[in-house]
1. Is it the case, given these coordinates, that ILE186 is surrounded by 20 or more Cβ atoms within 10 Å (Cβ to Cβ), in contact with an Asp or Glu (Cβ under 7 Å, 6 or more places away or on another chain) and within 30 Å of ASP51 (Cα to Cα)?
2. Check segment 208-217 and report whether any residue there is away from the ligand (no atom under 15 Å from the Cβ), farther than 19 Å from PHE143 by Cα and in contact with a His (Cβ under 7 Å, 6 or more places away or on another chain).
3. Among what's in segment 190-224 and is surrounded by 16 or more Cβ atoms within 10 Å (Cβ to Cβ) and of a type in the set (Ser, Thr, Tyr), pick the residue that is farthest from LEU29 (Cα to Cα).
4. What is the one condition in (1) within 23 Å of ASP98 (Cα to Cα); (2) more than 16 Å from the ligand (Cβ to nearest atom); (3) open to solvent by less than 10 Å² (accessible area, probe 1.4 Å) that ARG30 does not satisfy?
5. When the residues of segment 96-135 are narrowed to those that are more than 10 Å from the ligand (Cβ to nearest atom) and over 14 Å from LYS220 (Cβ atoms), which ends up most open to solvent (accessible area, probe 1.4 Å)?
6. Can you confirm whether VAL92 is at pLDDT 95 or above, under 23 Å from THR22 (Cβ atoms) and β-branched (Val, Ile, Thr)?
7. Would you mind telling me which numbered condition in (1) in contact (Cβ under 8 Å) with a residue 24 or more places away in the chain; (2) more than 15 Å from the ligand (Cβ to nearest atom) ALA76 fails?
8. Please go through segment 46-74 and give me each residue that is open to solvent by less than 10 Å² (accessible area, probe 1.4 Å) and within 17 Å of the chain's Cα centre (by Cα), ordered by number.
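The values are calculated or read from the model by the stated rules, or taken from the named source; none is laboratory data. Nothing here was measured: the structure is a model prediction, and the numbers come from that model. Cβ: placed from backbone, ideal geometry, glycine included. Neighbour counts: every protein chain shown. Surface accessibility is based on the protein's heavy atoms, side chains included, excluding ligands, DNA and RNA. Shrake-Rupley method; radii C 1.70, N 1.55, O 1.52, S 1.80 Å.
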Amino acid sequence: MTTTPPLPRQLPRGLTQDELKTRVGQAALRYVLPGDIVGVGTGSTVNKFIDALAGMKEQIKGAVSSSVASTERLQALGIAVFDANAVPSLSVCIDGADEIDGQGHMLKGGGAALTREKIVAALAERFVCIADESKLVRTLGQFPLPVEVIPMAARHIARRFAAMGGQASLRLRNGQALVTDNGQHILDVKGLSITDPLAFESQVNQWPGVVTVGVFAHQKASVCLLGTAQGVKTLV
Ligand code: 5RP
């Protein structure tokens, strides 16, 4: 029996989700200034940005990366990658999101890179979120919330989420607990409706064993480039 690969998700006017990601990745170049060291996130949309950034690599100093995967892609394209400790600040960080609301609060971590993404975002004066229109939501929480945790605290943290109505499960890869670039685990929490992202992020971040919660409200997007069937829209 032969299997047919799934068709790319078709959007109005024949644009696929992948094409929307390409467009926002390219559109983000306008936020990169000559001489910059650019903060670079992680994920399939950011990969489109990295590919576009390679076209102006002679004009920038390089990048600070939020994951091993992004570092490898940047270096393969000839873009220098700097240690975050060697860079006092960045003018811009370009990153994707699993969800973003109308105020720029984001839910992130689908690619398990949330902790380093938050560190890179903290270094940057401006956070430019690049996303296709499927990521825009009214209230965060339909996408399972990623939380990076110290492994010995995972069950305790899962019980705390259960007490607030969430169902946490350990993220697996090849049948084993996924291990992040930081050597930790990820819980994905379903069933939450995050109506006050700032308060939620502050609350969960102080639970013992939580490394990073995937709500980016204290470091929300300054700008969101949203890929739509009508073109790239600028929000926030
Ligand atoms: C990785 C992330 C990504 O930005 C997020 O998962 C979006 O990824 P994609 O662009 O592949 O949809 O937070 O940790």
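1. Working: surrounded by 20 or more Cβ atoms within 10 Å (Cβ to Cβ): yes; in contact with an Asp or Glu (Cβ under 7 Å, 6 or more places away or on another chain): yes; within 30 Å of ASP51 (Cα to Cα): yes.
Spelling it out, ILE186 is indeed surrounded by 20 or more Cβ atoms within 10 Å (Cβ to Cβ), in contact with an Asp or Glu (Cβ under 7 Å, 6 or more places away or on another chain) and within 30 Å of ASP51 (Cα to Cα).
2. yes
3. As a first pass, look at segment 190-224 and keep what is surrounded by 16 or more Cβ atoms within 10 Å (Cβ to Cβ): 192, 194, 197, 200-201, 204, 209-217, 219-224.
Keeping just the survivors that are of a type in the set (Ser, Thr, Tyr) gives 212, 222.
Values: THR212: 28, SER222: 15 Å.
Among residues in segment 190-224 that are surrounded by 16 or more Cβ atoms within 10 Å (Cβ to Cβ) and of a type in the set (Ser, Thr, Tyr), the one farthest from LEU29 (Cα to Cα) is THR212.
4. With (1) within 23 Å of ASP98 (Cα to Cα); (2) more than 16 Å from the ligand (Cβ to nearest atom); (3) open to solvent by less than 10 Å² (accessible area, probe 1.4 Å) applied to ARG30, the lone miss is (3).
5. ILE119
6. Details: at pLDDT 95 or above: yes; under 23 Å from THR22 (Cβ atoms): yes; β-branched (Val, Ile, Thr): yes.
Taking the combined requirement at face value, the residue satisfies it.
7. That leaves (1) as the condition not met.
8. VAL46, PHE49, ILE50, ALA63, VAL64, SER66, SER67, SER70, LEU74, listed by residue number.
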